[in-house]
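Below is one structure, written out as structure tokens; the observations come after it.
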Amino acid sequence: MASGPTPLLELTDVAVHFGGVKAVDGVSITLDEGLIYGIMGSNGSGKSTLLGAVTRLNPLTRGRLEFDGVDFTRVRPHQVAHLGVARTFQTVRLIDDRTVADNVRLGLDTVPRGRRRELESTVDEVMERVGITGVRRMRPSELSYGMQRRVEIARAIVGRPRLLLLDEPTAGMNTGERDEISELMRALQREGLTQLLVEHDVQMMVDVCDYLFGMNQGELIAEGDPDSVVADEAVRESYLGKRVNDDA
Ligand SMILES: Nc1ncnc2c1ncn2[C@@H]1O[C@H](COP(=O)(O)OP(=O)(O)O)[C@@H](O)[C@H]1O
Ligand SMILES: [Mg+2]
């Protein structure tokens, strides 16, 4: 194998078991800096748990995590943020007795103290980019679900992470809003941000991702360029087949 630059993220044989449930079971993946990656898989295949393993919210049953060549298998969640890893959650987690702007600013709590002042000036700019400037003084609950998702993304990127994990960021959005998120992801990519996307919309995955992983029952069943993964027999059977049934 050719030895390229150090990968940004490397997971080796990662497993997360909840009692008898093998939510993630022996996943090894490598993310190179600057690309957009996607994880496909039916409900319950372990996608969110894998993101939680990376942010150290889910305890590892086994495995090893490296960020930019540094082992972070044992670090705490807030230290993961200091490494430069940010995420959005599958379900909106905003604080409702604060304004939108305050919620975004909370993203700065995860960056080392010395950098906060410098980044404070970027709060407005980030809100503008994500399209929430007009609602900055509102409370999250006053917003549509799609707008709440944008606030979450703004909060995740305001600390200028090197790796952004997005767990179904466009759930509840219409096609136009979804295209805007795709466009935002591409713009962030042009600035060098590496992204790992979990998303049910196959078309969006193919459009926005450089590389896809397919998961089923906690295991990796395929990886490669998006077209080949979407066409993969095992992926179609586990994911696309199920989707058709789910939607029926
Ligand atoms: N905190 C938890 N405790 C017990 N089981 C869990 C927990 N989180 C997830 N699971 C189980 O792990 C499996 C994978 O879940 P999840 O990672 O949420 O899948 P996905 O995001 O792909 O839909 C499911 O069977 C789910 O019920
Ligand atoms: Mg999930």
Roughly how many percent of the accessible protein surface of the stretch 39-173 is carbon and sulfur, given a 1.4 Å probe and a whole-percent answer? 46
By the Cα gyration tensor axes a ≥ b ≥ c (a/c under 1.5 gives rounded; else a/b larger than b/c gives prolate, otherwise oblate), the shape of the stretch 76-135 is oblate
Quick check: residue separation of SER141 and ARG76 times 0.36 nm, minus the Cα distance between them. What number comes out in nm? 20.4 nm
Please report the accessible area of MET147 (heavy atoms, 1.4 Å probe, ligands and nucleic acids excluded) in Å², nearest 10. 40
Any chance you could give the angle, 0 to 90 degrees and rounded to 10, that helix 175-190 forms with the longest Cα principal axis of the chain? 90
Would you mind putting 81-89, 65-73, 118-126, 31-39 in packing order, based on average other-beta-carbon counts within 10 Å, highest first? 81-89, 31-39, 65-73, 118-126
For helix 145-157, report the angle its Cα long axis makes with the longest principal axis of the Cα atoms of the chain; keep it between 0 and 90° and round to the nearest 10°. 90
Using the heavy atoms of the protein chains and a 1.4 angstrom probe, tell me the accessible area per residue for the chain in square angstrom. 47
Non-local amide H neighbours of GLY214 (under 5 Å, H modeled in plane, Pro and chain starts lacking H): which ones? MET40, ILE221, ALA222, GLU223
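The values are calculated or read from the model by the stated rules, or taken from the named source; none is laboratory data. All values derive from a computational prediction rather than experimental measurement. All Cβ positions, glycine included, derive from the backbone under ideal geometry; neighbour counts span all protein chains shown. The accessibility values were calculated without ligands, DNA or RNA, using every heavy atom of the protein model including side chains. Shrake-Rupley method; radii C 1.70, N 1.55, O 1.52, S 1.80 Å.
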